[in-house]
Amino acid sequence: MAKFELKLPKMGESVAEATITSWLKEVGDTIEADEAVLEIATDKVDSEVPSEVDGVLVEKLFETDEVVQVGQTIAIIETEGEASAPKKEETQVEAEEGVDADVVSEINQTVEVAKDTAAPVISSGDRFYSPLVKNIAQKENISQEELDALPGTGKDGRVTKNDILGYLENRTDATPVKQQAVSASQKSEPVKETPKPAPIPSGDDEIIEMTRMGKLISHHMVQSVQTSAHVQSFIEADVTKIWNWRKKVKDSFAKREGENLTFTPIFMEAIAKALRDFPMMNISVQDDKIIKKKHINLGMAAALPDGNLIVPVIKDADQLNLVGMTKKVNDLANRSRLNQLKPDEIQGGTYTVTNVGTFGSVMGTPIINQPQVGILALGAIRKVPAVVETPEGDFIGIRYRMFLSHSYDHRVVNGALGGQFVQAVKNYLEAWDPNREI
């Protein structure tokens, strides 16, 4: 019999770790190739990990709710075939003739310490480490113990890039941070951490634990507000032509294409055109550099059954016609609700759109989806009295109107660009051809 190591597969460029949410197989169960062994969750999407071989699950190396790094072995599967002879680790030293056994033992202990130091660090408990911090720690052989003891200056004591780089500059010897802290405590009183205030419920209150997805969303929202200087521009658009046109063609479109024609793909088409007109809205920020994106990939915020949101991405949205846009929007929205999105389908967005009008809101101030620099909220379409300008003069008429709320990063997008972009979206919507054929 041979043993196969099931490793956590790579799930996208920005995904470095995943949380095990449940095991679908138990030790002793027979597994077929491509059969799901466990379910995992990242900050992007939930997914399954299939087996690459036929065999029997003989060992689970992680438990439910534990965090696993990409490439780490998570289970051992026993397969048919000759078992290869176990190899001694290259780092293990054996006692040979003429070599003192105590010396060999000391070398092996040193090797084990070095292996522990070089092991990848993980986020645990209330201590969260960003992928950048973890990569620096692994590259510089900073152990989990050292990193856990390193004081952080970020929010809630989080270790930042500057914290770990500063530690490396002052790391003149191999003394771990924890030992340094002990030495310091011998000279002065230890500094007590300020405890977080615990909720004090009354007799009728209920304390609800946030879900894993809720915690991730909370973290991302706070991080975005702390990163970007959010400002907003609001503009009202008359979409009467679009309302009447859709009402006229939606039944024939559904019969011909087998798809419902909603307002979302129409709005997405206008936004993609505006991004093509204003490419400096289709950028991201990395440190002090601006990355101008070649592709226009529109993120589309979609509601999940549990009330959370996910943002599937329409790749190269400016290259799609209205039929293609409609099919893509409907497909991503449907599979979002069924939790069937693939990791690649929620990555690579360059600009995000959220429809707050779905819930009756006329406008909103959405939070930017990092590392993008803009997000547009679509308000509810309302039938209102409005001034209509004609060559014969102005008059009051019943019109369908909506607000567009544009949040953008004022570090790199000034008010002129932010306002011109959302005005371009308005102009595309109001210039709709009522005789358009699809």
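Checked against the criterion of being in contact with a helix residue (DSSP H, G or I) (Cβ under 9 Å, 6 or more places away or on another chain) and modelled with pLDDT under 95, the candidates I398, I438 yield just one match: I438.
Put simply, of V384, V388 the only residue that is modelled with pLDDT of 95 or more, farther than 17 Å from T365 by Cα, touching a strand residue (DSSP E or B) at 6+ places or on another chain (Cβ under 8 Å) and loosely packed, with under 15 Cβ neighbours inside 10 Å is V384. Given the condition closer than 19 Å to I290 by Cβ, assigned to a helix (DSSP H, G or I) and without any contact (Cβ under 8 Å) to a residue 40 or more places away in the chain, answer yes or no: does some residue in the stretch 404-417 qualify? Within the stretch 404-417, one or more residues are closer than 19 Å to I290 by Cβ, assigned to a helix (DSSP H, G or I) and without any contact (Cβ under 8 Å) to a residue 40 or more places away in the chain. The residues of the stretch 304-344 that are among the hydroxyl-bearing types (S, T, Y) and modelled with pLDDT of 95 or more amount to a single one, T326.
Given the criterion surrounded by 15 or more Cβ atoms within 10 Å (Cβ to Cβ) and more than 25 Å from the chain's Cα centre (by Cα), identify the matching residue among F395, F403.
Residue meeting the stated conditions: F403.
Checked against the criterion of being closer than 18 Å to L341 by Cα and at pLDDT 90 or above, the stretch 24-32 contains not a single residue that satisfies it.
With the condition kept exactly as written, say whether any residue in the stretch 369-379 is under 30 Å from S47 (Cβ atoms), of a type in the set (A, V, I, L, M) and assigned to a helix (DSSP H, G or I). No - not one qualifying residue is present in the stretch 369-379. Assessment of the stretch 209-229 against the conditions (more than 30 Å from K294 (Cβ to Cβ) and modelled with pLDDT of 90 or more) yields at least one matching residue.
Assess whether Q370 counts as being polar (S, T, N, Q) and either at pLDDT below 95 or crowded, with 19+ Cβ neighbours inside 10 Å (or both). Judged against the criteria, Q370 is a match. For the stretch 347-364, indicate whether the set of residues that are under 16 Å from the mean Cα position of the chain (by Cα), surrounded by fewer than 21 Cβ atoms within 10 Å (Cβ to Cβ) and over 23 Å from F234 (Cα atoms) is non-empty. Yes, the stretch 347-364 contains at least one residue that is under 16 Å from the mean Cα position of the chain (by Cα), surrounded by fewer than 21 Cβ atoms within 10 Å (Cβ to Cβ) and over 23 Å from F234 (Cα atoms).
Answer yes if at least one residue in the stretch 316-337 is of a type outside the set (S, T, Y), on the phi > 0 side of the Ramachandran plot and within 17 Å of the chain's Cα centre (by Cα), and no otherwise.
The answer is no; no qualifying residue exists.
Annotation note: of L378, L404, L417, the sole residue that is modelled with pLDDT of 95 or more, out of contact with any strand residue (DSSP E or B) (no Cβ under 6 Å at 6 or more places or on another chain), within 17 Å of H230 (Cβ to Cβ) and not hydroxyl-bearing (S, T, Y) is L417.
Is it the case, given these coordinates, that Q232 is closer than 21 Å to A380 by Cα and polar (S, T, N, Q)? It is true that Q232 is closer than 21 Å to A380 by Cα and polar (S, T, N, Q).
Candidates A83, A41: the one that is in contact with a Ser or Thr (Cβ under 8 Å, 6 or more places away or on another chain), modelled with pLDDT under 85 and either assigned by TED's automatic domain parsing to the domain that holds I310 or small (G, A, S) (or both) is A41.
The values are calculated or read from the model by the stated rules, or taken from the named source; none is laboratory data. Predicted, not measured: the structure shown is a model, and the values here were computed from it. Backbone-built Cβ (ideal geometry, glycine too); neighbour counts: all protein chains shown.
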